[in-house]
1. Among the numbered criteria (1) at pLDDT below 90; (2) surrounded by 11 or more Cβ atoms within 10 Å (Cβ to Cβ), which single criterion is violated by E169?
2. Which members of region 180-204 meet the condition of being part of a loop (DSSP other than H, G, I, E, B) and free of Cβ contacts under 8 Å to residues at least 12 places away in the same chain?
3. Just wondering, is there one or more residues in region 48-65 that are over 23 Å from L216 (Cα atoms), modelled with pLDDT under 95 and out of contact with any Asp or Glu (no Cβ under 9 Å at 6 or more places or on another chain)?
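The values are calculated or read from the model by the stated rules, or taken from the named source; none is laboratory data. A quick note: this is a predicted structure, and the numbers were derived from the prediction, not measured. Don't worry about glycine lacking a Cβ; one is built from the backbone with ideal geometry, like all the others, and counts go over all protein chains shown.
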Amino acid sequence: MSLRQAGFTLLEIMLAMLVLGMVVAMVSVSLSGSIKVIEGAMDQGDVYYRAQVALERISEDLTSAVLSEDTEFIARQEESSGSQSAILTFASMTHLAFDPENGLPGLGIISYVTQSDKDNPRQLFLLRADTLYRPRGEEKKNSEEVEAFLLADQLRSVKFTFLDQNGEEQTSWDTTVKEGEEDKERHLPTAVTCRLEFWLDQEQEVSIAFQTAVPLPTGLIRPQPQEQ
């Protein structure tokens with residue numbers, strides 16, 4: 001009695017390999033999609049964190065803003081063309097002394113500066129400059145060039161708006177008294193709104209915006225006319 005040997009034919013082996021290849025391909029596509037979703041979520045989470053840090057720093061600076069005889073609150077909306085462009089400058093009690101041994105706390109002149117990324121002109125940097133205030137007439141002048149530190153990157157736009165004491169929104173603010181404007185009232189805005197728009201995908205034109213409104217306590221104080 002002879003035993004018939006059992007085995008796989010070439011066609012069966014090829015069909016099995018085809019099915020296995022399809023399963024592997026489906027698993028690979030599924031994993032690839034999952035990885036992209038995870039990476040997208042991580043990138044978006046990073047943007048949320050950077051926006052939170054930047055807006056908290058801006059809010060702290062503005063909340064402590066002050067206006068004196070020889071300090072100004074100046075805000076301009078300008079398009080950056082590669083060079084640094086100061087869009088907001090003011091005095092604040094939130095001066096940061098990075099060198100505890102040599103640095104002194106006190107009133108600081110804060111400037112927020114935008115600059116285009118040289119490698120990607122559609123992308124903006126938001127920089128923060130902070131220098132210790134010194135009264136006019138001292139040897140070291142406030143107008144000297146100071147180093148600005150990176151506060152946020154990968155930005156599509158940066159916008160500040162200002163609420164005056166009548167509740168009207170302004171796109172710029174300048175307390176400078178020019179010649180012929182000696183009777184001009186100098187005061188801070190009552191609130192400042194900051195809007196930061198971050199790129200998520202430049203190729204797909206996808207971005208996300210974060211906005212906060214900061215009340216300025218000293219801006220709510222109306223100067224009383226002096227009695228003659």
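1. (1)
2. If the condition is that a residue be part of a loop (DSSP other than H, G, I, E, B) and free of Cβ contacts under 8 Å to residues at least 12 places away in the same chain, then G180, E181, E182, D183, K184, E203, Q204 are the ones that fit.
3. Within region 48-65, one or more residues are over 23 Å from L216 (Cα atoms), modelled with pLDDT under 95 and out of contact with any Asp or Glu (no Cβ under 9 Å at 6 or more places or on another chain).
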